[in-house]
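Q: One structure, pasted below without further comment.
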Amino acid sequence: MAQIVSEVLNNPLLRAYFFYASLLVLKMLFMSLWTGTKRMKTKTFSSPEDIVRLPKAKVSTNENVERVRRAHLNDVENIPIFLVISLGYILTNPSYAVTLLLFRAYTLARYIHTFVYAIYVIPQPARAFSWGTGYAITIYMAVSTLSYFW
């Protein structure tokens, strides 16, 4: 076990993976808290059991809450797939510089996606470009991994 840990700590690709994976996981965790905070501020909840002890709260939708929730849902749909294929991609022994660029670009694209969708709404195609960047990187890694192991 100690040898495995040592290999992970000494492998620059795995170190980069765990660094950027941590940034993406923290972002997803933050989105959950942000959605809950928005619900509390607007007193709008999605389930009746959530309002039992909140006299002024109601079960309804609020566009501010929904926008954050949809950004979070988009993360949930995209980030786990990236995390899985990134590990496979690392097994192909790719260039460190290229891999680091892909990890950075993907992470930045996901943060920009949230920014233009839920923080400071910018009209399309800003959100589409940021989502598409991450999607293209994921496809590239998947095809590269598939072709390597084929």
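Q: What percent does the relative contact order of the chain come to when contacts are Cα pairs within less than 8 Å and at least six residues apart?
A: 25 percent
Q: Starting from the Cα of Lys58, draw a straight line to each of the lysines and keep only those under 27 Å, dropping any in the same chain fewer than 8 residues away.
A: Lys38, Lys41, Lys43
Q: For the stretch 84-100, just list the computed ³J(HN,Hα) in residue order, Karplus coefficients 6.51, -1.76 and 1.60, θ = phi - 60°, integers in Hz, with x standing in for Gly and Pro.
A: 5, 5, 4, 5, x, 4, 4, 5, 7, 6, x, 4, 4, 4, 5, 4, 4
Q: Shifting gears a bit: What FRET efficiency comes out for Met1 versus Leu29 if R0 is 35 angstrom and r is the Cβ-Cβ distance? Round to the nearest 0.05.
A: After rounding, the FRET efficiency stands at 0.80.
Q: Using θ = phi - 60° and the Karplus curve 6.51 cos²θ - 1.76 cosθ + 1.60, what whole-Hz ³J(HN,Hα) does each residue of the stretch 130-137 get, with Gly and Pro shown as x?
A: So the Karplus estimates, Gly and Pro as x, are 5, 5, x, 4, x, 5, 5, 5 Hz.
Q: Return the Cα extents of the chain along principal axes one, two and three, sorted largest first, each rounded to a whole Å.
A: Extents along the principal axes, in whole Å: 57, 41, 26.
Read-outs throughout are calculated quantities, based only on the coordinates presented, and are distinct from any laboratory measurement. Every value quoted in this text rests on a predicted model; they were computed, and no experiment measured them. Virtual Cβ from ideal backbone geometry, glycine too; neighbours counted across all protein chains shown.
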